[in-house]
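The values are calculated or read from the model by the stated rules, or taken from the named source; none is laboratory data. Computed from a prediction, not measured in an experiment: that's the story for all the values here. Cβ placement follows ideal geometry from the backbone for every residue including glycine, while neighbour counts extend to all protein chains displayed. Protein only, heavy atoms only, side chains kept; ligands, DNA and RNA dropped before computing areas. Shrake-Rupley method; radii C 1.70, N 1.55, O 1.52, S 1.80 Å.
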Amino acid sequence: MYGKCHSLEDARGIFDKLHNRDVVSWNAMIAAYGQHDRGNEAIQLFVKMIDEGLKPNEITFVSVVDACASTANLDRGKFVHALIIDSGLQPSIILGNALVNMYAKCGDLSETQIIFDKLLKKNVVSWTTLIGAYAQHGNKKNAIELLKKMQGEGVRPNKITYVSILEAFSSPVDLSEGKVIHSEIRNSGFQFDLVVDTALLNMYGKCGSPDDARRIFDDMRERDEIAWNAMIAAYAHPGHGKNAIQIFYEMQKTGVKPTVVTYVSVLDACADVTALREGKMIHESIVDSGFDKEIVLGNALINMYAKCGSLQDARTVFDNMQSRDVFSWTSVIAAYAQHGHGHATLELFRQMLLGGWKPNEITFISVLSACNHGGLVDEGLYYFESMTAAYALSPTLEHYGCIIDLLGRAGWLDKAEDLLTKMPLEPDAVIWMSLLGSCRVHGDVERGKHIAKRLLELDFNHDAPHILLSNMYASANRWMDAAGARNIMEEKGIQKQPGRSWIEVGETVHEFFAGDRLHPQTVQIYMEIENLKHKMSEAGYVPDTSLVLHNVEEEKKEQLLLAHSEKLAVAFGLISTPSGTPLRVMKNLRVCPDCHNAMKFISKIVNREIVVRDSNRFHHFKEGCCSCGDYW
DNA sequence: TTAGGGTTAG
């Protein structure tokens with residue numbers, strides 16, 4: 001009785017006082033620990049039970065297998081599995097399913113499949129467990145095939161089956177198939193179900209379609225905190241952060257209290273739109289609510305402050321944390337790396353190692369990227385080697401990408417290309433692009449040409465290689481070739497991805513597209529741009545019109561450059577904040593070289609600090625210089 | 001006595 005109530009300790013007290021403990025009492029106590037997420041104690045108790053000479057029965061095994069699953073303890077799970085086989089017990093369908101689930105939760109997919117195949121009888125739970133296992137590992141193909149096979153064998157999926165399979169749809173490329181499952185779920189009669197709708201909503205959020213998520217959210221008849229959290233998370237993506245923050249406040253207006261997960265998601269949204277003011281207010285609410293000791297929130301705060309441009313606040317949060325995990329370290333390391341502090345990044349990394357922490361693949365991405373941005377070639381190569389040598393981590397394409405970029409930027413084009421062709425992974429367009437970029441920087445036109453050829457063979461439908469190649473020819477005064485590269489791009493119908501920038505002023509995050517005239521203060525913004533243009537010209541600024549690919553007159557090219565989204569955001573910031581206020585702008589793409597140059601002039605002319613977060617890193621412009629040292 | 005919804009670092 002106590003086991004099913006609140007007090008596990010009371011249950012244990014009674015259990016310990018029992019004079020005659022039979023299998024039933026042991027089972028009850030083991031199950032009680034399992035239900036309270038204390039799998040390790042459940043397993044310990046099971047071992048003790050065997051030591052005392054009691055023979056576990058089917059129910060004991062189900063509970064202890066479940067405990068191994070919840071603690072993801074594969075070795076224990078295998079041990080218990082062996083005991084089951086030794087006991088000669090013919091496992092029931094329930095125990096069989098529990099074993100399938102145990103291997104799935106412990107991450108051993110091949111064993112999961114083997115046990116499933118060996119099941120003498122399968123029911124909807126067996127199928128759902130296996131489908132969920134594949135879905136959680138992102139194996140959408142197997143999950144869908146299994147669903148069809150299950151239906152072919154006459155087993156009808158229930159709502160748990162559908163909720164499980166929805167996990168498999170988690171990126172924009174999955175959206176169309178996700179919509180097919182969505183309609184199948186509706187046709188199967190699962191409507192107005194809180195859990196099913198939340199899973200669908202979440203699927204659309206992960207697939208990058210917050211509008212579809214919102215439609216489901218709006219149609220829900222009831223919403224609990226999990227549904228609200230899922231909606232906030234669905235909006236916490238580039239360009240939708242404002243909506244996430246709005247939903248966060250609406251949630252509270254309807255009387256639903258934010259949870260830790262709510263705060264994590266909304267901080268992520270603030271980070272996304274560089275909403276520093278909003279983020280600070282939410283930080284205060286977190287302190288008021290008493291959640292500020294939660295590690296996961298400390299981590300989210302580090303990330304929010306860093307992405308909002310305030311490295312100092314990020315560091316303060318990190319320093320004040322009472323306990324940390326690998327996410328905390330990786331977050332603070334990433335923060336320093338993104339702000340271009342190469343040496344400080346490595347110093348933190350050394351402290352992490354000294355503290356006995358084990359870095360993971362993501363930690364190394366920040367470390368290598370810091371070496372890359374800081375031009376720290378020897379350090380980068382050393383840590384790259386140490387990944388495999390000291391930490392048994394296999395470098396991914398991104399790690400190779402950092403190193404190839406590092407070598408290329410440093411002018412070691414031979415070594416960079418050598419590594420690219422000899423690495424054990426298939427290079428993607430991003431890596432070829434980075435090498436092409438290095439060829440442009442170092443003026444190696446011939447190498448650039450053959451790399452561009454390889455790149456275009458990949459059928460990479462992106463504007464970037466064409467633009468880079470064209471610019472590279474232009475820099476080498478090869479105007480015909482430059483025009484040719486642009487023509488190929490036009491023939492292929494490739495459009496430049498539109499630039500978007502955001503700036504937080506007062507309580508609002510303002511968004512700008514390149515050339516947009518939608519902002520209520522458009523007239524004043526363009527007047528400010530004109531004003532800046534004159535002052536910049538006097539100071540020696542020359543617009544880099546080679547960056548404009550449109551075939552238009554010179555004067556028109558200058559106008560296009562001046563209307564880049566980051567310049568509009570800065571102009572708006574200048575006219576709407578008191579003089580001296582630092583401006584923080586976020587851009588969806590890399591900052592363009594002309595804007596980068598212009599920002600340096602503007603920072604000096606208006607005597608303000610301008611922080612631009614682009615898709616790659618931070619640029620702190622101050623008194624005519626940028627923190628990246630023009631190396632980005 | 002077995003399967004299910006929300007979260008952090010690139």
Among the listed residues A:GLU623, A:GLU566, A:GLU555, which satisfies the condition of being among the acidic types (Asp, Glu), open to solvent by 40 Å² or more (accessible area, probe 1.4 Å) and under 23 Å from A:SER310 (Cβ atoms)?
-> A:GLU623
The lone condition A:ARG613 fails out of (1) surrounded by fewer than 19 Cβ atoms within 10 Å (Cβ to Cβ); (2) under 21 Å from A:GLY499 (Cα atoms) is (1)
All positions within the range A:355-371 that are open to solvent by less than 10 Å² (accessible area, probe 1.4 Å) and in a helix (DSSP H, G or I) | A:THR363, A:PHE364, A:VAL367, A:LEU368, A:ALA370, A:CYS371
Those residues of the range A:135-183 that are open to solvent by 90 Å² or more (accessible area, probe 1.4 Å), outside any helix (DSSP H, G or I) and aliphatic (A, V, I, L, M) come to a total of 0
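For the range A:294-313, indicate whether the set of residues that are β-branched (Val, Ile, Thr), open to solvent by 40 Å² or more (accessible area, probe 1.4 Å) and touching a Ser or Thr at 6+ places or on another chain (Cβ under 7 Å) is non-empty.
Yes, that holds for at least one residue.
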Could you tell me which residue of the range A:57-85 is least open to solvent (accessible area, probe 1.4 Å), considering only residues that are more than 23 Å from A:ASP22 (Cβ to Cβ) and among the β-branched types (Val, Ile, Thr)?
-> A:THR71
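So, in the range A:105-126, how many residues would count as being part of a helix (DSSP H, G or I) and within 8 Å of DNA strand B (Cβ to nearest atom)?
Initially, the range A:105-126 is screened for residues part of a helix (DSSP H, G or I), giving A:105, A:109-118, A:124-126.
From what is left, the residues that are within 8 Å of DNA strand B (Cβ to nearest atom) are A:105, A:124-126.
Adding up the residues that qualify gives 4.
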Taking the range A:267-298 as the search range and keeping residues that are over 23 Å from A:SER323 (Cβ atoms) and aliphatic (A, V, I, L, M), which one is nearest to the chain's Cα centre (by Cα)?
-> A:ALA269
Residue hits (the range A:326-354; open to solvent by 40 Å² or more (accessible area, probe 1.4 Å) and closer than 20 Å to A:HIS283 by Cβ) are A:PHE327, A:GLN338
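What helices (runs of 4 or more DSSP H) lie completely within the range A:184-261 and have 1 or more residues being acidic (Asp, Glu) and closer than 27 Å to A:CYS308 by Cβ? I'd like the intermediate steps shown before the answer.
Numbers: elements: A:194-206, A:210-219, A:225-235, A:241-253.
Output list reads A:210-219, A:225-235, A:241-253.
On the basis of being near DNA strand B (Cβ under 10 Å from one of its atoms) and open to solvent by 40 Å² or more (accessible area, probe 1.4 Å), does A:ILE131 make the cut? Walk me through how you get there before you give the answer.
Working: near DNA strand B (Cβ under 10 Å from one of its atoms): yes; open to solvent by 40 Å² or more (accessible area, probe 1.4 Å): no.
The answer is no for A:ILE131.
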Counting only helices (runs of 4 or more DSSP H) wholly inside the range A:284-343, the ones holding at least 2 residues that are aliphatic (A, V, I, L, M), in contact (Cβ under 8 Å) with a residue 12 or more places away in the chain and under 18 Å from A:PRO359 (Cβ atoms) are A:295-307, A:326-338
Looking only at the range A:396-424, which residues are over 21 Å from A:HIS442 (Cα atoms) and touching a Leu at 6+ places or on another chain (Cβ under 8 Å)?
-> A:THR396, A:LEU397, A:HIS399
Could you tell me whether the range A:266-286 includes any residue that is open to solvent by 10 Å² or more (accessible area, probe 1.4 Å) and more than 21 Å from A:GLU507 (Cβ to Cβ)?
-> no
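For A:ALA514, are the conditions met, namely being among the small types (Gly, Ala, Ser), open to solvent by 30 Å² or more (accessible area, probe 1.4 Å) and touching a His at 6+ places or on another chain (Cβ under 7 Å)?
Yes.
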Would you check if A:ILE232 is within 21 Å of A:SER164 (Cβ to Cβ), among the β-branched types (Val, Ile, Thr) and either open to solvent by less than 20 Å² (accessible area, probe 1.4 Å) or touching a residue at least 40 places away in the same chain (Cβ under 8 Å) (or both)?
-> no
Just one of (1) within 11 Å of DNA strand B (Cβ to nearest atom); (2) at pLDDT below 85 trips up A:HIS36, so point out which.
-> (1)
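Determine, yes or no, whether A:GLY208 is farther than 28 Å from A:ARG156 by Cβ, in contact with a strand residue (DSSP E or B) (Cβ under 9 Å, 6 or more places away or on another chain) and at pLDDT below 95.
On the way: farther than 28 Å from A:ARG156 by Cβ: yes; in contact with a strand residue (DSSP E or B) (Cβ under 9 Å, 6 or more places away or on another chain): no; at pLDDT below 95: yes.
Answer is no for this residue.
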Members of the range A:64-76 that are aliphatic (A, V, I, L, M), in contact with a helix residue (DSSP H, G or I) (Cβ under 6 Å, 6 or more places away or on another chain), outside any loop (DSSP other than H, G, I, E, B) and closer than 15 Å to A:GLY107 by Cβ = A:ALA69
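Yes/no per residue for (1) in contact (Cβ under 8 Å) with a residue 24 or more places away in the chain; (2) out of contact with any Asp or Glu (no Cβ under 9 Å at 6 or more places or on another chain); (3) in the same structural domain as A:THR577 (by TED's automatic domain parsing):
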residue	(1), (2), (3)
A:ARG478	yes, yes, no
A:ALA482	no, yes, no
A:ILE488	yes, yes, no
A:HIS510	yes, no, yes
A:PHE513	yes, yes, yes
A:GLN521	yes, yes, yes
A:GLN524	yes, yes, yes
A:ASN531	no, yes, yes
A:SER537	no, yes, yes
Sole residue being part of a helix (DSSP H, G or I), free of Cβ contacts under 8 Å to residues at least 12 places away in the same chain and among the aromatic types (Phe, Trp, Tyr), chosen from A:PHE79, A:PHE61 | A:PHE79
Has the range A:318-325 got at least one residue that is at pLDDT 95 or above, touching a helix residue (DSSP H, G or I) at 6+ places or on another chain (Cβ under 9 Å), surrounded by 23 or more Cβ atoms within 10 Å (Cβ to Cβ) and not basic (Lys, Arg)?
-> no
Scanning the range A:384-404 for residues that are within 12 Å of DNA strand B (Cβ to nearest atom) and surrounded by 22 or more Cβ atoms within 10 Å (Cβ to Cβ), the one nearest to A:TRP357 (Cα to Cα) turns out to be A:HIS399
Identify, from the list A:TRP432, A:TRP412, A:TRP502, the residue that is more than 16 Å from DNA strand B (Cβ to nearest atom), touching a residue at least 12 places away in the same chain (Cβ under 8 Å) and in contact with an Asp or Glu (Cβ under 8 Å, 6 or more places away or on another chain).
-> A:TRP502
Residue satisfying all of: in the range A:53-79; among the hydrophobic types (A, V, I, L, M, F, W, C) and within 10 Å of DNA strand B (Cβ to nearest atom); farthest from A:GLY39 (Cα to Cα) among these | A:ILE59
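Please determine whether any residue of the range A:49-56 is buried (at least 23 other Cβ atoms within 10 Å of the Cβ) and assigned to a helix (DSSP H, G or I).
If we filter the range A:49-56 for residues that are buried (at least 23 other Cβ atoms within 10 Å of the Cβ), which is where we start, we get none.
The answer is no, given that none of the residues of the range A:49-56 is buried (at least 23 other Cβ atoms within 10 Å of the Cβ) and assigned to a helix (DSSP H, G or I).
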Taking the stated definitions as given, is A:GLU528 open to solvent by 80 Å² or more (accessible area, probe 1.4 Å) and in a helix (DSSP H, G or I)?
-> no
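Considering only residues that are at positive phi and either within 10 Å of DNA strand B (Cβ to nearest atom) or under 23 Å from the mean Cα position of the chain (by Cα) (or both), which ones fall in the range A:312-363? Steps first, please.
The first filter runs over the range A:312-363 and keeps only residues at positive phi, leaving A:340, A:356.
Matches in the range A:312-363: A:GLY340 only.
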